[in-house]
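The values are calculated or read from the model by the stated rules, or taken from the named source; none is laboratory data. Quantities reported herein were computed from a predicted structural model and do not represent experimental measurements. Cβ placement follows ideal geometry from the backbone for every residue including glycine, while neighbour counts extend to all protein chains displayed.
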Amino acid sequence: MDHHVPRAITDGLRARGIDVLTTEVDGTKEYEDDALLERALELQRILFTRDRDFLKEASYRQRNGIEFFGVVYAHQLEVSIKECINDLEIICSAATMQDILNNTIYLPL
């Protein structure tokens, strides 16, 4: 989880048994977007964010063939916390490596 994600989303996913790692717990809260994507790739974890800047970084990486593990993005005002939790649960339980690697997934699904 990027540091822009409301705690309610993290708590809701954890209540459903989803393994969630936040930037606070990982000690990466102050990392720039590119460093967070590198860390997510290292850990092989999807990075969920509500920060538009990640879309620029992911797009840059796609255009330039720079690997990243995957970004899931939800607009802060247009996608509710409940929708985020429901859709992230689906992604975590159903997505394959091919669905995620070097891709950006937009919520709602």
Exercise. Kindly state which helices (runs of 4 or more DSSP H) lie completely within the range 1-71 and contain at least 2 residues that are under 10 Å from the mean Cα position of the chain (by Cα) and closer than 19 Å to Tyr106 by Cα.
Key: 33-43
Practice problem: Output the residues belonging to the range 3-16 that are within 17 Å of Leu77 (Cα to Cα), modelled with pLDDT of 95 or more and not small (Gly, Ala, Ser). | Solution: Val5, Pro6, Arg7, Ile9
Practice problem: Could you list all residues from the range 17-33 that are within 24 Å of Gln98 (Cα to Cα), surrounded by 14 or more Cβ atoms within 10 Å (Cβ to Cβ) and modelled with pLDDT of 95 or more? | Solution: Ile18, Val20, Leu21, Thr22
Quiz item: Among the numbered criteria (1) under 15 Å from Asp34 (Cα atoms); (2) free of Cβ contacts under 8 Å to residues at least 24 places away in the same chain, which single criterion is violated by Phe68?
Solution: (2)
Quiz prompt | For Leu37: the one exception among (1) of a type outside the set (Asp, Glu); (2) in contact with a helix residue (DSSP H, G or I) (Cβ under 9 Å, 6 or more places away or on another chain); (3) exposed (fewer than 15 other Cβ atoms within 10 Å of the Cβ) | solution = (3)
Quiz prompt | Every residue from the range 48-71 that is surrounded by fewer than 18 Cβ atoms within 10 Å (Cβ to Cβ) and in contact with a helix residue (DSSP H, G or I) (Cβ under 6 Å, 6 or more places away or on another chain) | solution = Asp53
Quiz item: Which of (1) in contact with a strand residue (DSSP E or B) (Cβ under 9 Å, 6 or more places away or on another chain); (2) among the charged types (D, E, K, R); (3) surrounded by 14 or more Cβ atoms within 10 Å (Cβ to Cβ) is the odd one out, the single condition Arg45 does not satisfy?
Solution: (1)
Quiz item: Name the residues in the range 95-109 that are exposed (fewer than 13 other Cβ atoms within 10 Å of the Cβ) and assigned to a helix (DSSP H, G or I), would you?
Solution: Met97, Gln98, Asp99
Quiz prompt | Scan of the range 72-94 for residues that are surrounded by 12 or more Cβ atoms within 10 Å (Cβ to Cβ), free of Cβ contacts under 8 Å to residues at least 24 places away in the same chain and assigned to a loop (DSSP other than H, G, I, E, B), ordered by number | solution = Ser80
